[in-house]
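Data block below; observations after.
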Amino acid sequence: MTDSPADRIADLRRRLEEANHRYYVLDDPSIPDAEYDRLMRELQALETAHPELASDDSPTRTVGARASGGFAEVTHTIPMLSLDNAFEDAEAGDSDRERFHEVADFERRIEEKLGRKQPVFSVEPKLDGLAISLRYEDGHFVRGATRGDGTTGEDVTANLRTVAAIPLKLRGSDWPKVLEVRGEVVMLRRDFDTFNAWALEHGEKPLANPRNGAAGSLRQLDPAVTKRRKLSFFAYSIGDVQDGELPDTHSATLAKLREWGFPVSHEVGTAKGLDGLLDYFRRIGAKRDGLPYDIDGVVYKLDDYEGQREMGFVSRAPRWAIAHKFPAQEQMTTLLDIEIQIGRTGAATPRARLEPVQVAGVTVTYATLHNADQVARLDARIGDTVIVRRAGDVIPEVVRVVEEQRPEGASPWHMPKSCPVCGSELVREEGEAAYRCSGGLICAAQRKEALIHFASRRAMDIDGLGERYVDALVELDMVKTPADLYTLSVDDFIDMKRRADERDGTTPETVKQGKVASKWAQNLVEAIDASRSTTLARFLFGLGIMHIGESTAKALAQWLGSLAQVRRTPAPVLQLLPDIGPEVAASIATFFEQEGNLAVVDALLERGVTLTDEASPSARLRERLDFAALLRLFPISGVGEKGAASIAGYFPTFEKLVQAGASHWSAAGISKTACAGLEAFLADKTQRQALQASEAAMRRLLEAAPQPSQTSALPLEGKTLVLTGSLSTLTRDEAKARLEALGAKVAGSVSKNTDMLVAGEAAGSKLAKAQSLGITIWDEAQLNAFLAEHGEGQ
Ligand code: IVH
């Protein structure tokens, strides 16, 4: 950078003006806020160092840009000012005073000028929307304007009238005759999501972020369009006031504004001292992602108006307030490459490899591009300057391409035709966003992901078998499926490490350290061994069946009880279980139809994997599985919910239905169209067999489920039970709930009316009393056996 200061200043001014125009007038920002702030600071510093080069029309002296055509101009009687920004200084020392020295200086300047220690500040979220001023005369909304350049804005009254959050008439009666209320128009996150979902569905351009949504909607020439895009408003200050009194402090004024009907953020408060201010900053920072609107920092305002007057203004900003900004969530960097990652189910996800860049305190080298459609939407090309965003815990993403800075000759990107790992074809299913590698377990990438998932903590929980070892095992072809893990010995692992070291050209540690080095291998083999004993739910989850998360795996285990039942239950019957839709049901059934998958499952069992909690199917299946419900899942024309119920009422099994035939159906009062539909359906061999198989599976399941007792509907109906002592497998509340579900009354103390006492560890006087009364006593094992038998087991 050999530019003269004058050249550099001119360049910065030009770039800032352009950025202002794009941001404020076109609502189409060209650079991230952090970049804008950096340029502004550089310009401010240069102008301070070279006062002779200062100019009244520098972007450092104006706020935003001039009003664009289309709306009438409004001159603000009291200018709408901006705020100075304070940032964290990452390079400074560790103390808050050093890291936040801009905030510390701000607070100290006020203390010094006012000659008061620790004055009170109003503390508020810095809403990320568009500043507006609303004028009320005699309590009626008469005009609303954007900030524009701070002196002149645009008259957007018609559009503001459509914003429900803005009162058209004030509440109460103690308002001044003329009152200007200032605040931020924002688009709430949920309204932003709703709008974008709608836009995508209707082929319209989605909004880049809620701020653009607010700004763009407000400057629509047609108020009807503004109304459709729901906007909100929060008040945070006042402008012109005539004929009336306001409180002496800003915080009391905000409270008044709320009384008069203005929304004021629920996060506003007061604080004092640097610690108080930073405490607020951190508290809001921690809540940020959960707030209903976007914020980019907090604002500290000296609370008493007397003090504010004393502090005054400098050029465009008050000296009594400051915006304390969060570290930028967006940064600009270069897109070095677009790589394809292959997931467990073969999904091929494009991801951006970036020139490393610091975003909100973290170095980002990769960012997700979601899918091929997204790359096309962004038109991201290798070599492009891109904007990456990182918010909260989410994976960083590429949000925009800076097309102005595209290198010459950069060509559009296309999804490769084949998997970069195994070379199999990448295919895209109808209506799906994702491409998938068709290689299945041939593909090393899918094999690795499948093994990592299988071993993960919430699945088989194999301690110590991390990504590194899985990579080596797969690359050296030592493990093809999860079942192979159970064949590995200590020597195999040592061998694996030696070969991996050789391949990478590192000195084998096994050679260096002799026997000691085998300890990790021993631990690994022990961990694998320990994982052999597991639960049905963990096992099902670990298999990595598409769409089967942890909770679906648990539900399957609870309802069906055993692996054998899960394996043989066809999709329509699975679909009768709660929370299992057609897609999930099909995925489970398809998984267990594949020879390869069945071989892996069998091998796992042969190699000693045991499911310790297998039980009979839940007794509650009776509430869900019936022939009518099953019939409804099949496409039988003319047979709806009622039709299915009446068919199943007369012909409760597949066999009875088929044997009866059409003449008996209509004799039973089933409508002509339903009879015709049924006949056509049963004439289709595939359909008929599917229904027959499903009905048989359903009956088989119900037969395996425990019978409710003969005499009463529920096995513990009319019985009074008492729980005492501590249980190790259930909490007291769980035990109580399950017993009650089986009809029991669970009482607190033992009497002669008690039918049964469940005594856990360290049972005391209740046990003694029950013994003396000759009451039946169960221990925990008996309780669990009973619960399991009646479908209330774990
Ligand atoms: S007070 C004289 N309070 O930030 C002070 N501004 O950078 C006038 N903003 O133009 C502004 N939240 O668009 C104030 N709680 C808040 C704010 C806030 C967001 C925006 C507003 C303003 C800009 C200044």
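Each value in this text was obtained by applying a stated rule to the coordinates, not by laboratory testing. This structure is a prediction, so every number in the text was calculated from the model and none was measured. Ideal geometry is used to build each Cβ from the backbone, glycine not excepted, and the neighbour counts take in all protein chains shown.
Using just the alpha carbons, could you tell me how many Å³ per residue the convex hull of segment 268-307 encloses?
For segment 268-307, the hull spanned by Cα atoms encloses 78 Å³ per residue.
Report, ordered by chain and residue number, the lysines lying within cross-link reach of Lys227, taken as a straight Cα distance under 21 Å and ignoring same-chain residues fewer than 8 apart.
Lys169, Lys205
What lysines sit close enough to Lys769 to cross-link, taking a C-alpha to C-alpha distance under 21 Å and skipping anything fewer than 8 places away on the same chain?
Lys719, Lys736, Lys745, Lys752
Give the long-range amide H neighbours of Phe326: residues separated by 5 or more places, or on another chain, with amide H under 5 Å away, using H modelled in the peptide plane at 1.01 Å from N.
Gly297, Val298
Report D for the chain in µm² per second (integer): Stokes-Einstein, Kirkwood Rh on Cα pairs, 20 °C, 1.002 mPa s.
Diffusion coefficient, whole number: 65 µm²/s.
Set the bar at 19 Å for Cα to Cα. Now go through Lys113/Lys301; Lys642/Lys672; Lys113/Lys272; Lys448/Lys519 and name every pair that lies beyond it.
Beyond 19 Å between Cα atoms: Lys448/Lys519.
Could you give me the ³J(HN,Hα) list for segment 215-227, computed from phi with Karplus coefficients 6.51, -1.76, 1.60 and θ = phi - 60°, whole Hz, x at Gly and Pro?
5, x, 5, 5, 9, 5, 6, 9, x, 5, 5, 4, 4
Compute the long axis of helix 550-560 from its Cα atoms, compare it with the longest principal axis of the Cα atoms of the chain, and write down the angle in degrees, 0 to 90, nearest 10.
Result, in degrees: 20.
For segment 665-676, what does the Karplus curve 6.51 cos²θ - 1.76 cosθ + 1.60, with θ = phi - 60°, yield as ³J(HN,Hα) per residue in whole Hz, taken in order and with x for Gly and Pro?
Values, residue by residue: 4, 6, 4, 7, x, 7, 4, 4, 5, 5, 4, 5 Hz.
Give the peptides 305-312, 453-460, 246-253, 398-405 in descending order of average Cβ contacts within 10 Å, highest first.
453-460, 246-253, 398-405, 305-312
Report the antiparallel proportion of the DSSP beta bridges in segment 680-788 as a percent, rounded to a multiple of 5.
If I count the DSSP bridges inside segment 680-788, around 10 percent turn out antiparallel.
Evaluate 2.2 N^0.38 Å with N set to the residue count of segment 461-579, then give the Cα radius of gyration divided by it.
Normalised Cα radius of gyration, segment 461-579: 1.38.
What are the equivalent ellipsoid semi-axes of segment 148-272, built from the alpha-carbon gyration tensor (square roots of five times its eigenvalues), in whole angstrom, biggest first?
Rounded to whole Å, the semi-axes are 30, 16, 13.
Measure off 7 Å from each Cα along the Cα-to-Cβ vector at Ala628 and Arg568, then give the distance between these two points in nanometres to one decimal.
2.9 nm
Report the convex hull volume per residue for segment 428-509, counting only C-alpha atoms, in Å³.
Per-residue hull volume (Cα only) is 118 Å³.
Antiparallel DSSP bridges in the chain: what percent, to the nearest 5?
Once the DSSP bridges in the chain are tallied, antiparallel ones form about 85 percent.
Please list the non-local residues whose amide H lies under 5 Å from the amide H of Ala744, H modeled 1.01 Å from N, same-chain partners needing a gap of 5 or more.
For Ala744, whose amide H was placed from the backbone, the distant partners under 5 Å are Leu716.
Using a Förster distance of 41 angstrom, determine the FRET efficiency expected from the C-beta separation of Asp579 and Asp471, and round it to 0.05.
0.70
Along Cα→Cβ, 7 Å out, is where each label goes; now give me the distance between the ones at Glu112 and Ala696 in nm to one decimal.
My value for the distance between the label points is 9.1 nm.
Calculate the spin-label point distance for Glu734 paired with Arg458, positioning each point 7 Å from the Cα along the beta-carbon direction, and give it in nanometres.
My value for the distance between the label points is 1.8 nm.
Measuring from centroid to centroid over Cα atoms, what is the spacing of segment 717-733 and segment 764-787 in Å?
The two parts, judged by their Cα centres, are 9 Å apart.
For segment 652-784, what does the convex hull of the Cα positions come to per residue, in cubic angstrom?
Enclosed volume per residue, from the Cα hull, is 163 Å³.
If contacts are Cα pairs under 8 angstrom and at least 6 residues apart, what is the relative contact order of segment 627-760 in percent?
RCO, segment 627-760: 20 percent.
What would the Debye equation give as log₁₀ I(q)/I(0) for segment 546-676 at q = 0.10, 0.12 Å⁻¹, counting only Cα atoms as equal point scatterers?
Result of the Debye calculation: -0.43, -0.59.
Across every pair of different alpha-carbon atoms, what Kirkwood hydrodynamic radius in Å does segment 699-765 reach?
Roughly 13.3 Å, rounded to one decimal.
What FRET efficiency comes out for the pair Asp174/Arg143, r = Cβ-Cβ distance, R0 = 25 Å, nearest 0.05?
0.70
Given only helices, namely DSSP H runs of n ≥ 4 each adding -39500 (n - 2.57), what is the per-residue ellipticity at 222 nm of the chain, to the nearest 500 deg cm²/dmol?
The helix contribution divided over the chain gives -12000 deg cm²/dmol.
Compute for segment 111-166: radius of gyration divided by Kirkwood radius, i.e. Rg/Rh, restricted to C-alpha atoms, rounded to two decimals.
Taking Rg over the Kirkwood Rh, I get 1.17.
Among all the lysines, which ones have a C-alpha under 20 Å from Lys287's C-alpha, if same-chain residues fewer than 8 places away are not counted?
Cross-link targets: Lys126, Lys325.
Calculate the radius of gyration of the Cα atoms of segment 299-426 to one decimal place, then report Dmax, the largest Cα-Cα distance, as a whole number, both in Å.
Values for segment 299-426 (Cα only, Rg and Dmax): 21.4, 74 Å.
Once the Cβ-Cβ distance between Arg406 and Glu42 is put in as r, and R0 is 30 Å, what FRET efficiency do you end up with, to the nearest 0.05?
The calculated FRET efficiency here is 0.75.
Place +1 on the Cβ of every Lys and Arg and -1 on the Cβ of every Asp and Glu in the chain, take the dipole about the Cα centre, and give the residue among Leu81, Leu739, Asn196 whose Cα lies farthest towards its positive end.
The residue sitting farthest along the positive end of the dipole is Leu739.
From the backbone phi of segment 94-105, what are the Karplus-calculated ³J(HN,Hα) couplings (6.51 cos²θ - 1.76 cosθ + 1.60, θ = phi - 60°) in whole Hz, Gly and Pro given as x?
Per residue, the Karplus-derived 3J(HN,Hα) values read 8, 6, 4, 4, 7, 5, 10, 5, 5, 6, 4, 4 Hz.
Please state the charge dipole magnitude for segment 533-628, taken about the Cα centre, from unit charges on C-beta atoms (+1 on K and R, -1 on D and E), reported in debye and rounded to the nearest 20.
Value, rounded to 20: 180 debye.
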